[in-house]
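Please read the structure below before turning to the comments.
Where a number appears in this text, it was derived from the coordinates with a stated rule and is not lab data. In this text, all values refer to a predicted model and were calculated from it rather than measured experimentally. Positions of Cβ are generated from backbone atoms using ideal geometry, with glycine treated the same way; all protein chains shown enter the neighbour counts.
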Amino acid sequence: MTKIKKFNLNEQEMPTQWYNIQADMPNKIQPLLHPGTKQPIQPGDLEALFPRALIEQEMSADRDIDIPEEVQELYKIYRPTPVHRAYNLERLLDTPAKIYFKNESVSPPGSHKPNTAIPQAYYNYKQGIKKITTETGAGQWGSALSFATSFFGIQCKVFMVKVSYEQKPYRKSMMQLWNGSVIASPSMETKAGRDILAEDPDSPGSLGIAISEAIEIAATHEDTMYSLGSVLNHVMLHQTIIGLEAEKQMEMAGDFPDLVIGPFGGGSNFGGLSFPFLRHNFTRGNKTRCIAVEAASCPKLTKGKFEYDFGDSAGMTPLIPMYTLGHKFIPPGIHAGGLRYHGAGAIVSQLLKDGLIEARSVAQRESFSAAVTFARAEGLIPAPETAHAIAQVIREALIAREEGIAKTILFNFSGHGLLDMAAYDEHFRDVQSKEVSMNLSGSLLTNLVTPVV
């Protein structure tokens, strides 16, 4: 039995500022474009959707931005979050690599999403906003925003991608528990939804469609603002508290990562952990590799094009310079609903375009096999999104074993899978039907490092 080692900070050591990577990027991102004029977006163009404080953060070039005291106090409900050393996984893989993970699953909604939900709810509250609309894929973002808005007396309406709405009923229950209202998307509540249903009554939905519905409600109701859980710059900013804490914790461990790995949907998960470490690459000449891991069925980083595209299906958002599969893309109904987005945030896209980060894709079967391996080794049950990062961690750890090179890997355990057990049941049925061995022998490890497309 290996003793579990946890590196934790106390409340006084929690960061009091977020880190804005735009201040240090070698090449700045291209501007967002107005969907009508195709000219660079001006701050006033966004005021129908976002409070002024978030617009300022979206366009800020300041390196460090203060975290309001009210936000810090709510962060203390679950932050600082621990960093663990995955000794049992290392031993199972017989690897010289050291594997650490930042455990963001300890938040009340069970993921990293409250890191931006809380400040977004706070800034809306400070501007006197009483209603917010948003979208959610697997439900982590919708539950996090419902959790956050409950502290400020703000009504929260969530358009949840239909396939996930049906797959994950208890995420809907969490949102309702925190006084959020949840609608399966596409819906009959908006023109965008009705148009999709007229074309395809059985549409499984997509994040792009759900975004269109949420934005339409905000744009047509003066008392309502819109909130986004990934992609935009201010969302990435708020999530950097993950990496800022991890920096201090790795120092406590007397170590520093050679690789930083995070799941990738729109960018907040990966960027939140990696951006503070990329800063050292830019300012100190470090060589830390940062790897974004996406779903093979929604491969915008590995197979998409870098171009201006809409963030939603109906073409209501600003045009974003990003890697994209096209805003009309409808991905398969994989269980990692948080990774089913057609595009990537502008910051991550620019970093990838410049060769400063890497991208990999993982198929659903490989990700669930990795999740089972991790759960049996470390005891924690990963969310399907998190499982993609774990699959890449296992790939890298086995490469280290083959090469005989010790390396330090840090990854974002971005959420638990306790509300995803139906997905695990389906995985086990799939495994049994294909007569794949489920013991922890070398055959399983071979399955893990051979991608199943």
- Message: Using the Cα centre of region 56-124 as origin and beta-carbon charges of +1 (Lys, Arg) and -1 (Asp, Glu), tell me which of N103, I77, T116 is placed farthest towards the positive end of the dipole.
- Response: N103
- Note on the structure: For the chain, the longest principal axis of the Cα atoms and the Cα long axis of helix 140-149 enclose an angle in degrees, to the nearest 10, of 60 degrees
- Near the amide H of S185, under 5 Å away, which other amide H atoms are found, from residues 5 or more places off or on another chain, if H is placed in the peptide plane? M160, V161, K162
- Query: Counting Lys +1, Arg +1, Asp -1, Glu -1, what net charge surrounds T224 among other residues with beta carbon under 15 Å of its beta carbon?
  - Reply: -4
- Magnitude of the Cβ-charge dipole (Lys and Arg +1, Asp and Glu -1) of the chain about the Cα centre, nearest 20 debye, reported as 740 debye
- Message: Along the Cα→Cβ direction, 7 angstrom out, place labels at F428 and A253. What is the inter-label distance in nm?
- Response: 3.0 nm
- Task: Measure nothing but the geometry: give the 0 to 90° angle between the long axis through the Cα atoms of 207-219 and the longest principal axis through the Cα atoms of the chain, rounded to 10°.
- Result: 30 degrees
- Task: May I ask you to order 180-190, 85-95, 265-275 by the average number of other C-beta atoms within 10 Å around their residues, highest value first?
- Result: 265-275, 180-190, 85-95
- Note on the structure: A student applying the Cα gyration tensor rule (rounded when a/c is under 1.5; otherwise prolate if a/b is larger than b/c, oblate if not) would label region 191-237 oblate
- Assign one of three labels to region 283-436, namely rounded, prolate or oblate, based on the Cα gyration tensor with a ≥ b ≥ c the square roots of its eigenvalues; rounded applies when a/c is under 1.5, prolate when it is not and a/b is larger than b/c, and oblate otherwise. oblate
- What is the gain in length, in nm to one decimal, between I405 and S150 on full extension, counting 0.36 nm per residue of separation less the C-alpha to C-alpha distance? 86.9 nm
- Read phi for every residue in region 353-360 and hand back ³J(HN,Hα) as whole Hz from Karplus 6.51 cos²θ - 1.76 cosθ + 1.60, θ = phi - 60°, with x for Gly and Pro. 4, 7, x, 8, 9, 10, 9, 9
- Message: Among 126-133, 243-250, how do they line up by average Cβ neighbours within 10 Å per residue, starting with the highest?
- Response: 243-250, 126-133
- Item | Spin-label pair D195/R284, simplified geometry with 7 Å Cα→Cβ offset, distance in nm | 5.0 nm
- Pairwise label distance in nanometres, R91 with E70, each label 7 Å out on the Cα-Cβ vector: 4.9 nm
- Which number comes out as Rg/Rh for region 143-212 once both Rg and the Kirkwood Rh are worked out on C-alpha atoms? 1.01
- Task: Over 29 Å between C-alpha atoms is what I'm after, so list which of K131/K172; K113/K328; K113/K248; K131/K305 land there.
- Result: K131/K305
- A138 long-range amide H proximity, modeled H, under 5 Å: G337, G338
- Straight-distance crosslink candidates among aspartates and glutamates, where the alpha carbon sits under 13 Å from K353 and sequence neighbours closer than 8 are dropped: E307
